[in-house]
1. Can you tell me the dipole magnitude for the chain around its Cα centre, using point charges on the Cβ only (Lys, Arg +1; Asp, Glu -1), in Debye to the nearest 20?
2. If we count every other residue with Cβ under 14 angstrom of I30's Cβ, Lys/Arg +1 and Asp/Glu -1, where does the sum land?
3. Using the beta-carbon distance between I103 and E141 and R0 = 22 Å, what value does 1/(1 + (r/R0)^6) give for FRET efficiency, to the nearest 0.05?
4. What ranking, highest mean first, results for peptides 133-140, 101-108 when packing means the other Cβ atoms within 10 Å averaged over each residue?
5. For helix 75-96, report the angle its Cα long axis makes with the longest principal axis of the Cα atoms of the chain; keep it between 0 and 90° and round to the nearest 10°.
6. Apply the a/c threshold of 1.5 to the C-alpha gyration tensor of the range 23-127 and tell me whether it is rounded, prolate or oblate.
7. Taking only DSSP H segments of four or more residues, each worth -39500 (n - 2.57), what value at 222 nm results for the chain once the sum is divided by all its residues, to the nearest 500 deg cm²/dmol?
8. Between K93 and W134, what FRET efficiency comes out of the Förster formula 1/(1 + (r/R0)^6) with R0 = 35 Å and r the beta carbon distance, rounded to 0.05?
Amino acid sequence: MGLCERLLSLNSYKIFIIHIVFMCIFCKIINGELPSYKVYEDENNLAFLDIAPVNPGHTLVVPKKHYENMEKIPAADLQSLILAVKKVGRLLKEKLGVPGYNISVNNDPIAGQIVPHLHFHIMPRRPGDGYELWKQGEYKEGEAEEIINKLLS
Ligand code: 5GP
Ligand code: ZN
């Protein structure tokens, strides 16, 4: 039996189980199948507290439609998403009284993306919170030229 025939032969209980096990965790939060602490919502986007915060108030902002990463999301939805990020940032500043925040996207697994549904992290910053930024290095002889030549070719 082929895969299609096998899928067609499954009863609704099995389809429900497959759905629960395999569907994206953020899609489940968006659909209300999993709970979350909602921070902000509009027609296209949802923001909720990260379950394992870097800092108290660490918020994830996600498009309601499932896009894996920055390359997959169409321009109009990205525009809406970044405006939602801006609103949530302002909300964190105003309501939590934090003086600033970091915005971060782990784009693809190599960059640390664990949940394959595009999301912006907004991490409130407080004086002395111990949050560490990335380590910086320096270019070797000729390396910057090599990079820029590739980028501009
Ligand atoms: P990534 O590494 O993909 O950029 O970040 C995924 C984030 O999602 C992590 O910071 C993680 O703590 C958060 N996360 C994973 N599962 C859940 C969940 O079920 N609920 C919430 N609120 N956050 C989650
Ligand atoms: Zn999803």
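1. Here the chain has a charge dipole of around 640 debye.
2. Around I30, the surrounding residues sum to -1.
3. In this case the efficiency is close to 0.05.
4. Details: 133-140: 6.5, 101-108: 15.8.
Those peptides, ordered most packed to least, come out 101-108, 133-140.
5. 70
6. Working: a/c = 1.45, a/b = 1.42, b/c = 1.02.
Rounded, because the longest to shortest axis ratio a/c is under 1.5.
7. -11000 deg cm²/dmol
8. 0.90
Any read-out appearing in this document is the output of simple, stated calculations on the displayed coordinates, not a laboratory observation. This is a predicted model, so every value here is computed, not measured. Note that each Cβ is placed from the backbone with ideal geometry, even for glycine, and that neighbours are counted across all protein chains shown.
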